[in-house]
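Just so you know, all these numbers are worked out from the coordinates, no wet-lab data involved. Quick caveat: nothing in here was measured; it's all calculated off a predicted structure. When we count neighbours, we look across all protein chains shown, and the Cβ atoms used for this are built from the backbone with ideal geometry, even at glycine.
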Amino acid sequence: MKLIDVKRKYGLNQNTFYGWLRENQLIVKEITGYVVGPNALEGMETSTNKRVNEDGEVLIMTQVTIDNQKVPQLLERYESSGLSKLYSQQKQNDEQEKTSIIDVAKRLTILEKQVYILTEQLAITMKQNSREHE
């Protein structure tokens, strides 16, 4: 998986994530893009792509990929870095929204149970009233 795809999939803050990768020398910025750094994790590789621009020049671009099975290890190290703003604002908003939806669902379940209890109590009261008026 490309590191940019890891960033997107897990909602990581791009500046923080790439800054952390560079600072820890997991990746190195080159003219062609990013390449594997001296402290790269096992499973990280440099991917090279060639592209022809509108002038017919061949451009070589590099990106770093990581074995899918090594992504959890990378994320664990990133999350334990102690840095702030690990996740993008959108990811944080999504998490808050998810938490809010869960809270609403719990409250709805409670209200449904309360309505059921009140309905049962009303039925009992109505039955008692009908007996008294007989």
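Report, in whole Å, the centroid distance computed from the Cα atoms of the range 112-134 and the range 21-80. Spelled out, the Cα-based centre of one part sits 69 Å from the other. Restricting the range 20-84 to GluC sites (Glu not before Pro) that sit in a DSSP loop and have at most 15 other Cβ atoms within 10 Å of their own Cβ leaves Glu42, Glu54, Glu57.
Projecting each Cα onto the charge dipole of the range 1-87 (Lys/Arg +1, Asp/Glu -1 at the beta carbon, about the Cα centre), which of Leu74, Met1, Val35 comes out farthest on the positive side? Among Leu74, Met1, Val35, the one farthest towards the positive end of the dipole of the range 1-87 is Leu74. Helices of the chain meeting both criteria, an alpha-carbon length of 18 angstrom or more along the long axis and an average Kyte-Doolittle score not below -1.0, with helices taken as full DSSP H segments, are 89-132. Listed by chain and number, the lysines whose alpha-carbon sits under 19 Å from that of Lys106, ignoring those within fewer than 8 places in the same chain, are Lys98. Straight-distance candidates among the lysines for linking to Lys50, with alpha-carbon spacing under 28 Å and chain neighbours fewer than 8 residues away dropped: Lys2, Lys7, Lys9, Lys29, Lys70. Comparing Asp55, Asp67, Asp103 in a Gaussian network model of the chain, where Cα atoms under 10 Å apart are tied by springs, the biggest mean-square fluctuation is seen for Asp55. Note on the chain: helix-only mean residue ellipticity at 222 nm, from DSSP H runs of 4+ residues weighted -39500 (n - 2.57) and normalised by residue number, equals -18000 deg cm²/dmol.
With neighbours defined as other Cβ atoms within 10 Å of a residue's Cβ, the residues Leu111, Leu86, Leu21 order from fewest to most as Leu111, Leu86, Leu21.
So, R0 is 41 Å and r is the distance between the beta-carbons of Lys127 and Ala105; what FRET efficiency does that work out to, to 0.05? Walk me through the intermediate numbers first.
Values: r = 33 Å, r/R0 = 0.82.
Computed FRET efficiency for Lys127 and Ala105 comes out at 0.75.
Using C-alpha pairs under 8 Å with a sequence gap of at least 6, the mean separation divided by the residue count of the chain gives a relative contact order of 22 percent.
Summing +1 for each Lys or Arg and -1 for each Asp or Glu, what net charge is found among the other residues whose Cβ lies under 14 Å from the Cβ of Glu112? Kindly include the intermediate steps, with their values, before the conclusion.
On the way: positive: Lys106, Arg107, Lys113; negative: Glu120.
Neighbour charge sum, excluding Glu112 itself: +2.
GNM on the chain, alpha-carbon springs under 10 angstrom: the most fluctuating residue among Gln89, Gln114, Gln63 is Gln114.
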